[in-house]
Ligand code: GLA
């Protein structure tokens, strides 16, 4: 086991005063413990490989003390002491790190909470009042020094991963309404240091989850969405690594993910004393949440974890946590079925005979779920009309959906359907009847995106309508799966039906209602699975994947572009939820030509789907697809739920990309290798596997392509990891994949 250096948070001054070197053994898998030392006033959480500690300082503030590798049970953490002011310009109240700082008393760093009271007072100073420990959860209550504003800080630790979920409940127990100007779920404070680097995800439509990596510098790096939903542009995930980076699987990494699908913000801040902290929650932009007397506001949960095994270890922890603690079917989600989706084949031109013909072809190659995409409802001939009118189009489906659904069932598949419940086209019966149901400011233009407007889900009548039509659809039809789409961001986010000082609650209530509709539907229709989509991956976060079984990663289905989109995605989300379709070549976006084998192998790195126009396929395409789908079914449990090792990155113009997944019980490993282009006759670099048992033997079988002829069929884990093997790849857009089965322990 590894030794872990104890780091103290706060100023070098404090480190000198209390610093000591302690080496501890990691205690993987032992039960979590949460304790409070009454004398020292120190809270301590120990779980899996981590310890987390904070204390109450002499002023009564909560002050972070430690977050990192697990400490020895008998190690004593020095109590919290506020820091001295550094100069008149750096007050003690600002330079003493806080778990959850109210904006008041002279705070210049990012506050966790900022409140305006009706009398103009905007000073908020939160002090410890009480706490409650219950198994793996801890609640600490703070209160303002003079006003009856209480904040409950909640900590829930996952025993298996050591990931802590933090959130806050802000309670107005005063006699007057107040305005919450900003509210974060948590501030995560890192050990004092200067050699940190930050990983985060950026993108846009058709180019999601691009991994960025840069040094943490003085000032703030703001990751955010002001769009009303998560957004393609940033994803609410971060990882901070200490020390030189170089290897995916070594190094100290602190990471976090915010479970919120509305406007959000994560601020990574290095202050003037080189203290690094990460604060995340609701986006304060245009926030202004009015809290009436007796009301409370619950923030989203901001999950945070630590790994001593680099960003690779961090993502493996997060993947397992998502599978066992977040997904609707936690802790043991079923493997995702192989699905067919009609969108790229027929776009809006769906009808009963056309879909039935596609379904027959899909069934012949082993597809398990047939999904009809956009175009089946209302007067939906293209994207100009129909959204909001959720009746079956009588011209396209004269006898309703039942004949098609029966046909799909008779072919041995289940049936899925596309919906976009939160949107309306102005050209729809719904909008003509309820023009006031959309987000809007009275008397102002309503900016359209893809010819559509956003229904204000915060309104109770809109919520009832959306839940009602979905419930009816699922009652009347044997539907196993909904693809839930959301194809634009907000504009003019007004809610004229409520008083002006309540209108900004839309930033919170919309998303709360979205979650509650999803939860209620799932409870009423427990067999229905849901895919989360927003013009591709525009609304992916831990808040939504708590209610949905899979996500549509990107509308960009080019198999080469997908390698880097999927690579970035895998830093934050398990490949088990990453829906990936095989589509046609040349690809509609880049006009790139790739083999069917290459397209399959790219998609087989996640949850496999098919979106090609099967009407254009030749017999040999069907034969090849059938055998690839069969091969996928033998590895999908490992790919979807195993431990992912990113062996060679596709980023930054890399010529190669290699991933490996190891089954949770270790019986199987799957390796995908891709080559962009051979140059100058160079060989493909040797591939060194990871995560195998050194002394066990593994038999390698190619899934597609091959290794060089010198490669043994069976060798030890030590051989595959230390000696490695050479994929036999040469040319442009080539790919090969291998399955290794453990043959002995
Ligand atoms: C979005 C989705 C696509 C498809 C279309 C239908 O763009 O991401 O997969 O469903 O809408 O209009």
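Here is a list of conditions, (1) under 18 Å from residue 672 (Cα atoms); (2) buried (at least 23 other Cβ atoms within 10 Å of the Cβ); (3) under 26 Å from the mean Cα position of the chain (by Cα), and residue 637 meets all of them except one; can you say which number that is?
(2)
Whether any residue in the range 552-574 is assigned to a loop (DSSP other than H, G, I, E, B), modelled with pLDDT of 95 or more and away from the ligand (no atom under 16 Å from the Cβ) is what I want to check. Reasoning before the result, please.
We begin by selecting, within the range 552-574, every residue assigned to a loop (DSSP other than H, G, I, E, B); these are 553-558, 573-574.
Checking which are modelled with pLDDT of 95 or more leaves us with 553-558, 573-574.
Imposing the further condition that a residue be away from the ligand (no atom under 16 Å from the Cβ) reduces the set to 573-574.
The answer is yes, given that some residue of the range 552-574 is assigned to a loop (DSSP other than H, G, I, E, B), modelled with pLDDT of 95 or more and away from the ligand (no atom under 16 Å from the Cβ).
Identify, by number, the condition in (1) more than 15 Å from the chain's Cα centre (by Cα); (2) assigned to a loop (DSSP other than H, G, I, E, B) that residue 362 doesn't meet.
Of the numbered conditions (1) more than 15 Å from the chain's Cα centre (by Cα); (2) assigned to a loop (DSSP other than H, G, I, E, B), the odd one out for residue 362 is (2).
Select, from 251, 310, 281, 256, the only residue that is closer than 13 Å to residue 237 by Cβ and surrounded by 20 or more Cβ atoms within 10 Å (Cβ to Cβ). Working first, answer last.
Working: 251 fails: closer than 13 Å to residue 237 by Cβ; 310 fails: closer than 13 Å to residue 237 by Cβ; 281 fails: closer than 13 Å to residue 237 by Cβ.
Exactly one of 251, 310, 281, 256 is closer than 13 Å to residue 237 by Cβ and surrounded by 20 or more Cβ atoms within 10 Å (Cβ to Cβ), namely 256.
Could you count how many residues in the range 657-668 are assigned to a strand (DSSP E or B) and within 15 Å of residue 316 (Cα to Cα)?
Keep residues of the range 657-668 that are assigned to a strand (DSSP E or B), which gives 657-662, 668.
Imposing the further condition that a residue be within 15 Å of residue 316 (Cα to Cα) reduces the set to 659-662.
Of the residues in the range 657-668, 4 are assigned to a strand (DSSP E or B) and within 15 Å of residue 316 (Cα to Cα).
Name every residue in the range 490-537 that is under 19 Å from residue 453 (Cβ atoms), away from the ligand (no atom under 16 Å from the Cβ) and not in a helix (DSSP H, G or I), in order of residue number.
Result: 490, 491, 492, 493, 494, 495, 496, 497, 498.
Name every residue in the range 338-359 that is buried (at least 20 other Cβ atoms within 10 Å of the Cβ), away from the ligand (no atom under 12 Å from the Cβ) and part of a helix (DSSP H, G or I), in order of residue number.
355, 358, 359
Of the numbered conditions (1) within 15 Å of the ligand (Cβ to nearest atom); (2) surrounded by fewer than 24 Cβ atoms within 10 Å (Cβ to Cβ), residue 325 fails exactly one; give the number of that condition.
(1)
With (1) surrounded by fewer than 22 Cβ atoms within 10 Å (Cβ to Cβ); (2) in contact (Cβ under 8 Å) with a residue 12 or more places away in the chain; (3) over 21 Å from residue 312 (Cβ atoms) as the list, and residue 688 as the residue in question, which single condition is left unmet?
With (1) surrounded by fewer than 22 Cβ atoms within 10 Å (Cβ to Cβ); (2) in contact (Cβ under 8 Å) with a residue 12 or more places away in the chain; (3) over 21 Å from residue 312 (Cβ atoms) applied to residue 688, the lone miss is (3).
How many residues, within the range 365-389, are part of a loop (DSSP other than H, G, I, E, B), within 12 Å of the ligand (Cβ to nearest atom) and in contact with a helix residue (DSSP H, G or I) (Cβ under 7 Å, 6 or more places away or on another chain)?
Result for the range 365-389: 2.
Say whether the condition of being within 15 Å of the ligand (Cβ to nearest atom) and in contact (Cβ under 8 Å) with a residue 60 or more places away in the chain is met by at least one residue in the range 426-448.
no
Is at least one residue of the range 416-425 within 15 Å of the ligand (Cβ to nearest atom), in a strand (DSSP E or B) and within 28 Å of residue 631 (Cβ to Cβ)?
Yes, the range 416-425 contains a residue that is within 15 Å of the ligand (Cβ to nearest atom), in a strand (DSSP E or B) and within 28 Å of residue 631 (Cβ to Cβ).
Just one of 614, 589 is surrounded by 20 or more Cβ atoms within 10 Å (Cβ to Cβ) and over 20 Å from residue 323 (Cα atoms); which is it? Reasoning before the result, please.
Numbers: 589 fails: surrounded by 20 or more Cβ atoms within 10 Å (Cβ to Cβ).
Unique residue meeting the criteria: 614.
Can you say whether residue 548 is within 16 Å of the ligand (Cβ to nearest atom), in contact (Cβ under 8 Å) with a residue 12 or more places away in the chain, in a loop (DSSP other than H, G, I, E, B) and in contact with a strand residue (DSSP E or B) (Cβ under 7 Å, 6 or more places away or on another chain), as far as the supplied structure shows?
yes
Just one of the numbered conditions (1) crowded, with 18+ Cβ neighbours inside 10 Å; (2) assigned to a strand (DSSP E or B); (3) touching a residue at least 40 places away in the same chain (Cβ under 8 Å) is not true of residue 699; which one?
(1)
Within the range 330-346, can one find any residue that is within 16 Å of the chain's Cα centre (by Cα) and closer than 27 Å to residue 527 by Cβ?
Yes, the conditions are met somewhere in the range 330-346.
The values are calculated or read from the model by the stated rules, or taken from the named source; none is laboratory data. The structure displayed is predicted, hence computed values, not measured ones. Every residue, glycine among them, receives a Cβ derived from its backbone with ideal geometry; neighbour counts consider all protein chains shown.
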